[in-house]
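Peer 1: Structure incoming, see below.
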Amino acid sequence: MKLLLLLVAIGLCSAQYNPNTRAGRTSIVHLFEWRWDDIAAECERYLAPNGFGGVQISPPNENVIVSNPWRPWYERYQPISYKLCSRSGNEQQFRDMVTRCNNVGVYIYVDAIINHMCGSGMGVGTHSTCGSYFNTGSRDFPAVPYSSWDFNDGKCRTGSGEIENYGDIYQVRDCKLVGLLDLALEKDYVRGKIAEFMNNLINIGVAGFRLDAAKHMWPGDLKAITDRLTNLNTRWFPSGARPFIYQEVIDLGGEPISSSQYFGIGRVTEFKYGAKLGTVIRKWNGEKMAYLKNWGEGWGFMPNDRALVFVDNHDNQRGHGAGGASILTFWDPRSTIKLTTLLRFPDQNDWIGPPSYSDGSTKPVTINADTTCGNDWVCEHRWRQIKNMAIFRNVVDGQPFSNWWDNGSNQVAFGRGNRGFIVFNNDDWYMDVTLYTGLPSGTYCDVISGQKEGGRCTGRQITVDGTGKARFQISNNDEDPFAAIHVDAKL
């Protein structure tokens with residue numbers, strides 16, 4: 001069970017399955033809608049010093065401006081061209097961010113929108129982030145350029161041109177997704193333009209890509225495109241290193257399109273992870289944390305070396321995507337799982353874009369005196385518990401799952417070899433147990449209630465005796481009803 005940001009299961013993997021993170025760094029944080037200048041600063045001042053491996057960024061290329069000044073987050077998912085200008089910044093700011101982050105060992109992963117262009121109803125004009133002209137009626141995008149020859153209008157088998165039946169793989173992959181103009185990826189010209197866009201980003205220094213809406217593209221088309229990608233920039237990466245590829249495929253079962261169809265291209269986002277974990281934590285449908293003993297492939301998840309796992313993302317945090325109400329987000333007052341560093345939005349307004357000025361421009365991410373973020377940004381990766389558990393994962397990386405304990409209900413504990421141990425109390429009563437941790441004897445700082453600072457603990461201390469056992473007392477009324485210790489938090 002992993003309580004982190006955006007997790008990459010790093011095992012014996014190669015080529016496009018390797019996230020290319022530096023040794024000892026195992027987590028990627030999604031800085032959704034952040035400006036490039038702010039990401040560059042965050043890499044240097046916080047992410048690198050705390051052992052984060054990378055950042056997933058919002059789509060960097062030109063998109064339609066849906067409305068002003070209240071611009072929704074999803075306009076970033078409606079491309080106009082592959083020029084690098086968005087409300088996060090211009091090309092020079094993008095290049096500066098990549099360089100500065102790479103220089104401190106925090107790598108950049110681009111959310112790539114290659115399935116489609118903007119919505120068919122966006123009309124004619126230059127209301128786009130670079131000011132490029134487009135005409136959705138004639139399918140004219142001269143800044144790429146794309147024309148009517150480059151879209152799937154004639155290939156879609158529905159009268160509306162939209163996906164009408166998710167049980168029909170041809171509709172799902174050849175028709176418009178919520179009105180977005182579907183690119184004809186089987187055409188060599190279209191593949192070439194997309195590869196050109198992605199290779200430009202690789203040359204600048206990005207480490208990999210999240211392929212948005214991969215479920216809506218044929219695996220053969222994606223492989224043809226990714227096979228054209230160049231190796232990573234040797235200024236920061238080893239010679240021959242390949243871009244990390246992870247694909248958005250929403251697969252909760254019951255549909256003919258499955259995650260496994262995309263394993264030959266790269267990793268696939270595991271939507272079952274957050275959906276099922278949320279159900280367990282909420283104790284819905286009779287689920288108990290004790291059942292998590294075989295968490296992972298035993299729950300019907302993808303193989304570890306093909307999965308990229310997360311708890312929530314920019315879609316399902318807003319009720320889109322998959323998982324429904326079970327998804328744990330920052331709205332849950334005591335959810336022990338967090339993920340995406342996002343923006344605060346009213347619960348009923350799931351379209352809200354980033355904190356903005358009256359002209360529609362994005363506000364900078366300011367840092368408060370207590371290290372949290374201001375200007376209405378919610379920086380989950382800066383929460384002590386999240387940051388410390390990202391460090392926990394780095395410390396125990398490569399260690400085996402060990403020393404499981406449960407009370408048959410919702411109190412569980414387990415270790416990672418002899419380097420870390422974690423205990424949860426999700427029951428409605430007090431927990432007082434002595435457990436074998438497998439850790440060396442000594443006094444440890446609990447990294448949930450506090451952390452090790454110098455020679456002291458800012459939270460509770462936990463003593464491991466000469467036999468490797470420790471007593472854990474956790475109230476069900478605690479703000480965070482769990483505890484975690486690891487060898488680097490030993491006094």
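Peer 1: Which percent, to the nearest 5, of DSSP beta bridges fully inside segment 99-221 are antiparallel?
Peer 2: Values: 8 of 13 bridges.
Percentage antiparallel, nearest 5: 60.
Peer 1: What does the extension gain come out to for Ser358 and Asn231, with contour length at 0.36 nm per residue minus their alpha carbon separation?
Peer 2: On the way: separation 127, 0.36 × 127 = 45.72 nm, distance 4.21 nm.
Contour length minus the Cα-Cα distance gives 41.5 nm.
Peer 1: When the chain is fully extended, how far beyond the present Cα-Cα distance does Phe401 get from Glu164, taking 0.36 nm per residue of separation?
Peer 2: Numbers: separation 237, 0.36 × 237 = 85.32 nm, distance 4.41 nm.
Here the answer is 80.9 nm.
Peer 1: Running Debye on segment 135-254 with equal point scatterers at the Cα sites and no solvent, what base-10 log of I(q)/I(0) appears at q = 0.19 Å⁻¹?
Peer 2: Normalising to I(0) and taking log10 leaves -1.08.
Peer 1: With the crude spin-label approximation of a point 7 Å out along Cα→Cβ, what separation in nm comes out for Glu44 versus Ala369?
Peer 2: Going from the Glu44 label point to the Ala369 one covers 2.5 nm.
Peer 1: To make sure I understand the rule: partners must be aspartates and glutamates, Cα under 20 Å from the Cα of Lys469, and not fewer than 8 residues away in the same chain. Which ones qualify?
Peer 2: Asp406, Asp432, Asp446, Asp488
Peer 1: If R₀ is 51 angstrom, what is the calculated FRET efficiency for the pair Asp140 and Trp383, using the beta carbon separation as r and rounding to 0.05? Mind showing how you got there, number by number?
Peer 2: Values: r = 46 Å, r/R0 = 0.91.
Once the sixth-power term is evaluated, E becomes 0.65.
Peer 1: Starting from the 7 Å offset along Cα-to-Cβ, what nm value, one decimal, do you get for the label separation of Ala23 and Lys223?
Peer 2: 3.4
Peer 1: Using amide H atoms built 1.01 Å from N in the peptide plane, name the residues 5+ places from Ser356, or on other chains, whose amide H lies under 5 Å from its own.
Peer 2: Lys363
Peer 1: Next question. Anything over 26 Å Cα to Cα? Flag those among Lys215/Lys387; Lys83/Lys176; Lys215/Lys293; Lys363/Lys387; Lys176/Lys363; Lys387/Lys490, in the order listed. Spell out each step's value before the answer.
Peer 2: Details: Lys215/Lys387 32 Å; Lys83/Lys176 23 Å; Lys215/Lys293 31 Å; Lys363/Lys387 24 Å; Lys176/Lys363 33 Å; Lys387/Lys490 17 Å.
Long pairs (Cα-Cα over 26 Å): Lys215/Lys387; Lys215/Lys293; Lys176/Lys363.
Peer 1: Label Asp428 and Asn476 with points 7 Å out from Cα along Cα→Cβ: what is the distance between them in nm?
Peer 2: About 0.6 nm, to one decimal.
Where a number appears in this text, it was derived from the coordinates with a stated rule and is not lab data. Keep in mind that what you see is a predicted model, and the values were worked out from it rather than measured. Note: ideal-geometry Cβ built from the backbone for every residue, glycine included; neighbour counts use all protein chains shown.
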